[in-house]
Amino acid sequence: MLYARHGEIVLEALHQNDRVGIKIIARDSGPGIRDVPRALTDGFSTSGGLGLGLPGARRLVDEFEIVSAAGKGTVVTMRKWKL
C-alpha cells in the first residue's frame, strides 16, 4: 500500500489575540512517510505524480507541520491567517 486508504480532514476556526484564521488537520493511519524532508522537496514522488502535493500545501499556508511514523500514519497541521 502506497498511501492510506482512509483518513480525515478537520477544519477549525482560529481566534488568537487579534488574529483570525483557519487550522487544517489532515490525518491518516497509513504506512507513514519514510523520509519527510525528501517528501517536502518539489518534484519528489513515490507514485509517478508531479510531486507537488505536500510542498504545494506548505507554500499556501503560513504555518506547516508534519508528523509521520512508520506504520502509524501521518498528521499534517496547517494554519492560514487572515491578512
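Bear in mind that the values in this text are calculations on the coordinates, not laboratory data. None of these values were measured; they are calculated from a predicted model. In this analysis, Cβ positions are derived from the backbone assuming ideal geometry, glycine residues included, and neighbour counts consider all displayed protein chains.
Of Ile22, Ile66, Ile33, the residue with the greatest mean-square motion in the GNM of the chain, using alpha carbon springs below 10 Å, is Ile22. Close amide H contacts of Ile33 (hydrogens built in the peptide plane, cut-off under 5 Å, sequence separation of 5 or more or a different chain): Ala69.
Sequence-distant contacts, meaning Cα pairs under 8 Å at least 6 residues apart, place the relative contact order of the chain at 34 percent.
Springs between Cα atoms under 10 Å define the GNM used for the chain, and in it the highest mean-square fluctuation of Leu54, Leu40, Leu11 occurs at Leu11. If you take the Cα centroid of region 52-66 and the Cα centroid of region 1-24, the two points sit 12 Å apart.
By the rule of a C-alpha distance below 26 Å, with chain neighbours fewer than 8 residues away ignored, the lysines paired with Lys72 are Lys23. Checking every one of the trypsin sites (Lys or Arg not before Pro) in region 1-34 against DSSP loop status and a limit of 12 other Cβ atoms within 10 Å picks out Arg5, Arg34. Think of each Lys and Arg Cβ as +1 and each Asp and Glu Cβ as -1; about the Cα centre, that makes the dipole of the chain roughly 40 debye. Expressed as a fraction of 2.2 N^0.38 Å, the C-alpha radius of gyration for region 7-81 is 1.18.
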